[in-house]
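Engineer: Just dropping this structure here.
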Amino acid sequence: MTLPASAVVSIVFFAKARELSGLSEAELRVPAHIAVEELLAIICENFSLNSIRSSLFLALNEDYCVDPVVQLKDGDEIAVIPPISGG
């Protein structure tokens, strides 16, 4: 069985990422097998988030991306999560 070369994923933006991108969510075609750092770079480039890139976290289907590489499929949800400030 051959794995797909790319996937269309749903990108969900929170807090400062939502403010900078001007979007609450979007769709994006990305490589299906991709390093998390590369995925973050693609998202930041496409949605004007380079200014906060170093402080962003990604979650795949509501689980933080802890492995260095992910396997994506059509319809997966990627959450772009900036640091949370308390008060």
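Engineer: Scan (1) surrounded by 15 or more Cβ atoms within 10 Å (Cβ to Cβ); (2) assigned to a helix (DSSP H, G or I) for the single condition GLU37 breaks and write down its number.
Structural biologist: Tallying (1) surrounded by 15 or more Cβ atoms within 10 Å (Cβ to Cβ); (2) assigned to a helix (DSSP H, G or I), GLU37 fails exactly one: (1).
Engineer: Of everything in region 57-83, what is without any contact (Cβ under 8 Å) to a residue 40 or more places away in the chain, buried (at least 17 other Cβ atoms within 10 Å of the Cβ) and β-branched (Val, Ile, Thr)? Give them in sequence order.
Structural biologist: VAL70, the sole residue that qualifies.
Engineer: Please name all residue pairs, on different chains or six or more residues apart, with Cβ atoms under 6 Å, provided the first residue is in region 3-18 and is assigned to a helix (DSSP H, G or I) and the second residue is at pLDDT below 95 and surrounded by 18 or more Cβ atoms within 10 Å (Cβ to Cβ).
Structural biologist: Filtered contacts from region 3-18: ALA15/PRO82; LYS16/PRO82; ALA17/PRO82.
Engineer: Ok, one more. Scan (1) under 20 Å from VAL8 (Cβ atoms); (2) in contact with a helix residue (DSSP H, G or I) (Cβ under 6 Å, 6 or more places away or on another chain); (3) not hydroxyl-bearing (Ser, Thr, Tyr) for the single condition PRO82 breaks and write down its number.
Structural biologist: (1)
Engineer: Follow-up question, since we're still on this one. Given the conditions (1) at pLDDT below 95; (2) among the small types (Gly, Ala, Ser); (3) surrounded by 13 or more Cβ atoms within 10 Å (Cβ to Cβ), report the number of the one that GLY87 does not fulfil.
Structural biologist: Every condition holds for GLY87 apart from (3).
Engineer: Kindly indicate whether any position in region 49-56 is farther than 19 Å from ILE84 by Cα, in contact (Cβ under 8 Å) with a residue 12 or more places away in the chain, surrounded by 13 or more Cβ atoms within 10 Å (Cβ to Cβ) and of a type outside the set (Gly, Ala, Ser).
Structural biologist: no
The values are calculated or read from the model by the stated rules, or taken from the named source; none is laboratory data. Just so it is clear, the structure is predicted and the values come from calculations on it, not from any experiment. FYI the Cβ positions are ideal-geometry reconstructions off the backbone, even for glycines, and counts take in every protein chain you see.
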